[in-house]
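Below is one structure, written out as structure tokens; the observations come after it.
The values are calculated or read from the model by the stated rules, or taken from the named source; none is laboratory data. Only a predicted model underlies this, so the values are computations on that prediction, with no experimental measurement involved. A quick note on method: Cβ atoms are made from the backbone with ideal geometry, for glycine too, and the neighbour counts reach across all protein chains shown. With ligands, DNA and RNA removed, areas are computed over all heavy atoms of the protein, side chains included. Shrake-Rupley method; radii C 1.70, N 1.55, O 1.52, S 1.80 Å.
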Amino acid sequence: MLAPIRTVSTERGTCPLLTVQPNRAQVDEKFQIVIMNLLPNQKVTLHSLHQSEDKDFWEAFGHYISDENGTVTVAKDESLGGTYEGTEQMGLLWSMRPVPGSRPGLRLRKMNILTPIVIHISVYNGHLSQDFSQQTPLASSVTERWYVAPGVQRVNIRENGVRGTLFLPPGPGPYPGVLDLWGGGGGLVEYRSGLLASHGFASMALEYLAPEELRTADVDVSYFEKAYQILQNHPKVHRDRMAMLGLSFGSAVTLSMAAYSKVIKPQCCVCISGSHVFPVDKSLFEVFEEMKKYMGRIYMNKENQVIHRDIILPIPSDPALKVDVGRIKCPLLLVNAGDDQNWASVESAEDMEMMMEKAGNRHLLTVLTYPDAGHLIEPPYSPHFRASNFILQEIKEKIVMLWGGQTKPHAYAQEDSWEKILTFLRQHLYFSSNFAVKAKL
């Protein structure tokens with residue numbers, strides 16, 4: 001472990017000591033932060049700072065008072081103010097926000113996951129709320145957060161027109177396979193797949209919306225089937241232990257494939273903040289053309305943020321406009337947010353439950369709903385974005401999308417749902433307790 005950096009001494013004549021352990025960890029692991037050698041009952045501010053790959057700065061901070069021994073233990077002590085309050089061990093991460101004066105509409109996402117997220121953690125005298133860069137800290141430390149554990153392999157997939165990245169756990173395998181689909185924002189988003197591989201799953205992040213490389217008219221059911229087969233046929237993948245995981249529009253793809261495809265036969269599926277409305281049973285171009293008919297339901301709030309959820313409300317009664325989830329034959333986990341302003345995922349889940357009850361496969365469905373969480377339910381301790389810049393696929397325009405959610409309940413949703421998603425995948429994809437080898441940092 002790196003030696004903690006000590007700087008300004010207190011009146012006591014000893015240097016405050018800030019420790020962050022582990023100082024190198026996976027992004028879904030908790031860290032322990034302790035400050036020692038303060039004065040008894042000393043007011044201090046704990047501050048985190050990260051510079052994104054886009055060169056924007058993000059910060060969080062909490063106000064603490066040391067105990068009679070001059071110690072602050074973040075896992076046990078309350079923050080009395082700042083970007084988070086209460087006893088919040090990981091508040092310095094999940095309450096991060098752009099520093100004052102930053103560009104509007106930012107979202108923090110790791111693009112190169114073979115490098116760590118580097119967080120600078122400092123402690124300052126007094127309860128501060130601004131101008132941290134102009135103050136001298138009492139002590140500082142640096143911690144690294146990784147999406148990929150040591151030994152995880154990253155493999156570019158460019159095969160049969162399919163574009164993606166496969167992450168393989170260390171060792172010979174074979175491992176269960178997860179086809180990982182993000183939403184309408186498009187591009188190749190790798191960090192969730194890297195983290196899944198760190199937990200013993202061969203996970204393939206699939207790119208299916210890429211304006212320069214893939215025409216939406218060319219991406220249809222066969223594209224997803226080819227991707228599934230590429231993953232399934234990999235020598236390190238257990239071909240009979242496969243899952244699909246979709247977020248947002250990726251959920252519509254996942255549900256459509258599970259219901260209709262003769263090629264894609266997953267052992268289980270996970271859908272985060274999605275819907276069964278607008279089946280993906282044709283090309284994406286045709287699906288988006290269908291969506292355009294309902295664009296009049298989208299509206300803006302007073303802050304000029306787009307509220308997209310009403311595009312599928314009321315949930316249609318016409319079966320042709322929905323995935324026939326009654327045909328799904330594998331366990332299905334829905335993870336939904338009570339304040340999702342992008343998709344009406346809670347209403348969709350209620351309708352899916354009724355459809356599955358009627359079809360006799362309701363026993364396959366598990367629904368998690370998190371009150372006051374927003375649409376973007378990401379891996380644990382990711383910052384919450386109530387709204388951010390977005391390219392709307394239906395009209396190819398840059399907008400500010402309202403995702404919804406309140407920071408603290410959203411953070412809880414991310415932490416709780418991730419553990420439950422991993423448990424669900426293990427339950428349905430591991431055939432014995434020693435099948436998976438979790439790569440440890």
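With a simple spin-label model that places each label point 7 Å from the Cα along the Cα-to-Cβ direction, the separation between ALA320 and GLN130 comes to 5.8 nm. If you plug the beta carbon distance of ARG327 and ASN389 into 1/(1 + (r/R0)^6) with R0 = 30 Å, you get a FRET efficiency near 0.20.
The residue list ASN301, GLY164, ILE311 was ranked by how far each Cα lies along the charge dipole of the range 153-429 toward its positive end, using unit charges on Cβ atoms, and GLY164 comes out on top.
Of the two radii for the range 17-146, the radius of gyration is 0.96 times the Kirkwood radius, both from the alpha carbons; that is the Rg over Rh value. For GluC sites (Glu not before Pro), the sites in the range 275-322 that DSSP calls loop and that have at most 15 other Cβ atoms within 10 Å are GLU303. A Cβ-based charge dipole, computed about the Cα centre of the range 227-344 with Lys and Arg at +1 and Asp and Glu at -1, lands at about 460 debye. A helix-only calculation puts the chain at -6000 deg cm²/dmol for mean residue ellipticity at 222 nm, using -39500 (n - 2.57) for each DSSP H run of at least four residues, averaged over all residues. Gain on full extension, evaluated as 0.36 nm per residue between GLN229 and MET111 minus their Cα-Cα distance, stands at 39.9 nm. Here's the picture: a label point sits 7 Å out from the Cα of THR366 along the beta-carbon direction, and within the range 260-281 the residues with their amide nitrogen under 12 Å of it are 268-271. Computed extension length for ARG103-LYS265: 53.9 nm, one decimal, from 0.36 nm per residue of separation with the Cα-Cα distance subtracted. Taken about its Cα centre, the range 17-146 carries a charge dipole of roughly 380 debye when the Cβ of each Lys and Arg holds +1 and the Cβ of each Asp and Glu holds -1. Between ASN69 and GLU29, the contour length at 0.36 nm per residue exceeds the Cα-Cα span by 11.6 nm. The value of relative contact order for the chain, using C-alpha pairs under 8 Å at least six residues apart, is 13 percent. Each Lys and Arg Cβ is given +1 and each Asp and Glu Cβ -1; about its Cα centre, the chain then shows a dipole of about 980 debye.
Residues within the reach of a label modelled at GLU290 (point 7 angstrom out along Cα to beta-carbon, backbone nitrogen below 11 Å), restricted to the range 349-366: there are none. When the chain is described by a simple charge dipole with +1 on each Lys and Arg Cβ and -1 on each Asp and Glu Cβ, the residue from SER141, MET401, GLN89 located farthest towards its positive end is SER141. Restriction of the GluC sites (Glu not before Pro) in the range 323-404 to DSSP coil positions whose beta-carbon has at most 12 other beta-carbons within 10 angstrom yields no sites. Taking the Cα centroid of the range 36-95 and of the range 195-257, what is the distance between the two, rounded to the nearest whole Å? The range 36-95 and the range 195-257 have Cα centres spaced 40 Å from each other. Among all lysine pairs in the range 17-146 that are eight or more places apart or on different chains, how many have alpha carbons less than 21 angstrom apart? Lysine pair count for the range 17-146: 4.
Think of a 1.4 Å ball rolled over the protein heavy atoms: the range 153-429 then has 37 Å² of accessible area per residue. Computed from label points 7 Å out along Cα-Cβ, the spacing between MET354 and ARG215 is 4.1 nm.
Please say if the range 153-429 is rounded, prolate or oblate, where rounded means a/c under 1.5 for a ≥ b ≥ c the square roots of the C-alpha gyration tensor eigenvalues, and otherwise the choice is prolate for a/b larger than b/c and oblate otherwise? It comes out rounded by the Cα gyration axes. Protection proxy ranking of 46-57, 368-379, by the mean of other Cβ atoms within 10 Å over each peptide's residues and highest first, is 368-379, 46-57.
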